[in-house]
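Have a look at the structure below before the remarks.
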Amino acid sequence: MTTVLAVVVAGQVAQGEKESAAAPAAGGRSAKESDASRSDARPTPSRKAEAAPVTYEQQMARTYPIDPKLTADGDFEAIGGFDKAPGKGQKFSYRVDVEKGLGLDGALFARAVQETLNDDRSWAHNGAMTFERISSGRPDFVITLASPGTTGVWCAKSGLDTLSGNVSCDSAATERVMINAYRWAQGAKTFGKDKMFEYRQMLINHEIGHRLGHGHKNCETPGELAPIMQQQTKSLDIDGIKCKPNAWVYPGN
């Protein structure tokens with residue numbers, strides 16, 4: 001009888017110790033519950049505001065890396081889509097080709113061409129002309145973004161040397177108006193890095209001006225805006241007459 005009683009008491013003591021170890025302290029909770037509670041009580045860190053999409057204006061104001069001596073493989077790709085001529089003047093249709101391997105945004109280039117040419121400050125002034133981008137069919141001309149080396153090859157077909165100054169050209173003997181990708185990406189000292197948007201607009205207006213039959217024309221009055229047909233990539237100071245950079249055919253409008 002004594003032995004049985006001792007066993008029962010010992011079992012009760014052991015059970016009590018086990019329950020005591022498992023139970024939370026008075027007024028407290030288990031470690032697991034406490035950790036979870038502390039985590040729940042912490043303020044949830046707010047997510048960083050999502051970056052706003054880069055605008056067209058911001059993209060056009062940036063410079064982009066490119067080798068000034070790059071010669072890609074000469075394989076062109078037409079930018080798809082269609083941009084209707086917005087005006088009722090003399091209509092010109094054009095295609096935009098971009099040489100493969102440049103690492104530049106062809107869609108951005110195509111948008112810049114369409115918006116620049118149809119701006120009232122450009123050749124479309126007062127409804128005189130209107131420009132329509134196509135990606136199939138036969139265009140009046142092809143505006144081509146190409147590496148410096150490939151630009152040189154196509155300009156040479158029309159007897160023009162663009163390699164020495166790393167410039168663009170209207171290759172009049174062909175269907176292509178060549179825009180030098182290095183200049184498109186990096187600009188020129190005459191405009192500076194803070195006027196990349198305007199410089200790109202000037203490139204388009206100047207070379208299309210040649211396609212429309214206009215020759216070079218230099219500034220005649222110091223301090224005035226340079227004519228759009230001046231070779232502004234090369235210099236704004238011709239024969240001692242220094243002018244201001246200008247992107248437009250009709251800059252006062």
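The values are calculated or read from the model by the stated rules, or taken from the named source; none is laboratory data. As the structure is a prediction and not an experimental result, all values here were calculated from the model. When we count neighbours, we look across all protein chains shown, and the Cβ atoms used for this are built from the backbone with ideal geometry, even at glycine.
Looking only at segment 69-84, how many residues end up being under 17 Å from SER135 (Cβ atoms) and in a loop (DSSP other than H, G, I, E, B)? Spell out how you get there, then give the answer.
Step one: of segment 69-84, the residues under 17 Å from SER135 (Cβ atoms) are 75-84.
Subset that is in a loop (DSSP other than H, G, I, E, B): 75, 79-82, 84.
Counting residues in segment 69-84 that are under 17 Å from SER135 (Cβ atoms) and in a loop (DSSP other than H, G, I, E, B) gives 6.
Of the residues ALA110, ALA128, which is farther than 30 Å from PRO68 by Cβ and among the small types (Gly, Ala, Ser)?
Criteria check complete, one pass: ALA128.
Tell me yes or no: at least one residue of segment 42-56 is modelled with pLDDT of 95 or more and either in a helix (DSSP H, G or I) or touching a strand residue (DSSP E or B) at 6+ places or on another chain (Cβ under 7 Å) (or both).
Just the residues of segment 42-56 that are modelled with pLDDT of 95 or more, to begin with: 55-56.
Still in the running and either in a helix (DSSP H, G or I) or touching a strand residue (DSSP E or B) at 6+ places or on another chain (Cβ under 7 Å) (or both): 56.
Looking through segment 42-56, at least one residue is modelled with pLDDT of 95 or more and either in a helix (DSSP H, G or I) or touching a strand residue (DSSP E or B) at 6+ places or on another chain (Cβ under 7 Å) (or both).
For segment 97-145, enumerate the residues that are over 16 Å from the mean Cα position of the chain (by Cα) and among the aliphatic types (A, V, I, L, M).
LEU117, ALA124, ALA128, MET129, ILE134, VAL142, ILE143
What residue, among those in segment 147-179 that are of a type in the set (Ser, Thr, Tyr) and in contact (Cβ under 8 Å) with a residue 12 or more places away in the chain, is surrounded by the most Cβ atoms within 10 Å (Cβ to Cβ)?
THR151
Does segment 141-150 contain at least one residue that is in a helix (DSSP H, G or I), farther than 19 Å from GLN232 by Cα and of a type outside the set (Asp, Glu)?
Within segment 141-150, one or more residues are in a helix (DSSP H, G or I), farther than 19 Å from GLN232 by Cα and of a type outside the set (Asp, Glu).
What number of residues within segment 180-220 are of a type outside the set (Lys, Arg) and either part of a helix (DSSP H, G or I) or touching a residue at least 60 places away in the same chain (Cβ under 8 Å) (or both)?
Residues that pass the stated criteria total 22.
Sort out which residues of segment 67-85 are more than 19 Å from the chain's Cα centre (by Cα) and exposed (fewer than 14 other Cβ atoms within 10 Å of the Cβ), and write them in order of number.
If the condition is that a residue be more than 19 Å from the chain's Cα centre (by Cα) and exposed (fewer than 14 other Cβ atoms within 10 Å of the Cβ), then LYS69, ASP73, ASP75, PHE82, LYS84 are the ones that fit.
Taking only pairs six or more apart or across chains, which ones have beta-carbon atoms under 9 Å, a first residue in segment 96-110 that is in contact (Cβ under 8 Å) with a residue 12 or more places away in the chain, and a second residue that is surrounded by 18 or more Cβ atoms within 10 Å (Cβ to Cβ) and basic (Lys, Arg)?
Within 9 Å, the pairs are VAL96/ARG133; ASP97/ARG176; PHE109/ARG200; ALA110/ARG133.
So GLN232 fits all but one of (1) buried (at least 21 other Cβ atoms within 10 Å of the Cβ); (2) of a type outside the set (Phe, Trp, Tyr); (3) in a helix (DSSP H, G or I); what number is the exception?
All conditions are met except number (3).
Among (1) in contact with an Asp or Glu (Cβ under 6 Å, 6 or more places away or on another chain); (2) assigned to a loop (DSSP other than H, G, I, E, B), which single condition is PHE92 missing?
(2)
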